[in-house]
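Below is one structure, written out as structure tokens; comments come after it.
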Amino acid sequence: MTSDVRPDEDGAVTLPGRQRSPGDRVALRGDLRSALPDATAAVVVTALVFALLWARMESGASDTVAVMPFMDDPGTYWMYLLSQAFGWSGLLWAWGTVMLGLLLSGPRPARLPVSRQVLERWHRTTSLTTMALMSAHALMFAAELVRYETKVDWAERLWVAFADTFVPGWYDSGTGQVAIPLGQGALYLAIPLGLLFYVRHRIGANTWRRLHRFVIVVYVLSVWHTLLYGTNVWYGEWPRTVLWLLQLPVALLLLLRLLRPARRAERLGPPGGGAARPGWWARAAGRVAVAAVVVGLVIVVVSGRDGGRDRPTHPPATAPHAQETD
């Protein structure tokens with residue numbers, strides 16, 4: 001016995017013989033329940049990363065301590081370590097949800113280990129988990145700033161921590177002047193773009209699809225923020241190379257998705273032999289740009305020129321944030 005209930009390519013369900021109604025749409029509440037196992041896994045991964053960062057800081061092997069020697073006590077700077085742990089698990093989940101999204105919107109494999117409906121649900125639940133991890137990363141960063149600003153009263157400490165974390169352009173220390181706004185941009189784009197799925201019938205499916213494409217911008221901003229400001233990938237050593245290397249499958253899947261999109265309306269088509277589709281040149285330029293990114297990533301990984309700083313032969317500055325001016 002087969003069912004005639006099939007989700008469309010947006011993940012919504014339409015019953016045979018009737019129009020789509022609010023009761024047929026994927027509910028946020030249902031996805032939040034489905035995300036519980038995924039979120040639990042994310043908490044476990046975050047705890048493992050936190051434990052690893054703690055152990056490395058305690059032993060003196062932490063790159064964070066090499067960058068900022070005053071951070072040599074994990075018991076004192078545990079909130080910073082937890083912020084880092086949430087950041088790394090958030091980036092991992094962002095990588096996973098972007099890979100799932102590109103797999104679903106590009107050429108459809110003949111065989112999948114699970115059904116397409118399951119992949120769509122995983123894409124939605126990992127997106128929700130990613131938003132939560134990004135928010136936790138920012139909140140723990142703010143909490144650490146509250147602890148750090150001890151020379152002013154509580155009201156000013158809360159304001160400074162909030163502004164440094166959430167107000168674009170407020171953070172004024174070295175590399176953070178660029179890196180923090182990049183992270184803020186990723187967070188402020190991720191939440192509305194992720195939640196727009198649940199109101200796509202109000203704004204129109206085509207509008208939602210156009211806006212949803214900017215999710216890749218969220219991911220690029222997140223990686224850029226990490227490369228600029230992640231103390232664990234501060235130096236031009238293997239952790240930074242691995243981070244660059246992980247972007248290759250994302251870029252390749254994105255290129256494949258652009259060259260062979262699942263939706264016929266998004267296909268490039270020949271420039272001649274008839275009227276070109278509107279936006280043909282923009283779509284062609286996008287494909288060329290992504291191909292150039294793939295080549296650039298290969299060059300970065302092979303050459304080792306990944307923008308990492310040289311590990312200093314002398315102890316770096318011991319004052320907070322002094323290293324960011326390098």
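Please treat every number below as a calculation from the coordinates, not as lab data. Since we're looking at a predicted model, the values are computed, not measured. Every residue, glycine among them, receives a Cβ derived from its backbone with ideal geometry; neighbour counts consider all protein chains shown.
With the charge dipole of segment 98-231 set up from +1 on Lys and Arg Cβ and -1 on Asp and Glu Cβ about the Cα centre, the Cα lying farthest toward the positive end among the listed residues Thr126, Gly183, Ala138 is that of Thr126. The phi torsions of segment 33-49, fed into the Karplus equation with coefficients 6.51, -1.76 and 1.60 and a -60° offset, translate into couplings of 5, 5, 7, 4, x, 5, 5, 4, 4, 5, 5, 4, 4, 4, 5, 5, 5 Hz, rounded to whole numbers, with Gly and Pro shown as x. When each of the peptides 228-234, 86-92, 209-215 is scored by how many other beta carbons lie within 10 Å of its residues on average, the order from highest to lowest is 86-92, 228-234, 209-215. Across segment 26-235, C-alpha contacts under 8 Å between residues 6 or more apart give a mean separation that, scaled by the residue count, equals a relative contact order of 22 percent. Amide H to amide H, with H built 1.01 Å from N, Arg309 comes under 5 Å of Tyr235, Gly236, counting only residues 5 or more places away or on other chains.
Restricting the calculation to alpha carbons of segment 26-235 gives Rg and Dmax of 18.6, 62 angstrom.
The alpha carbon centroids of segment 56-124 and segment 235-254 are separated by 13 Å. The gain in end-to-end length when the Ala47 to Phe214 segment is fully stretched comes to 57.1 nm, 0.36 nm per residue minus the alpha carbon separation. For the charge dipole of segment 26-235, defined by +1 on Lys and Arg C-beta atoms and -1 on Asp and Glu C-beta atoms about the Cα centroid, which residue among Trp78, Trp88, Gly204 has the Cα displaced farthest towards the positive pole? Value computed over the given set: Gly204.
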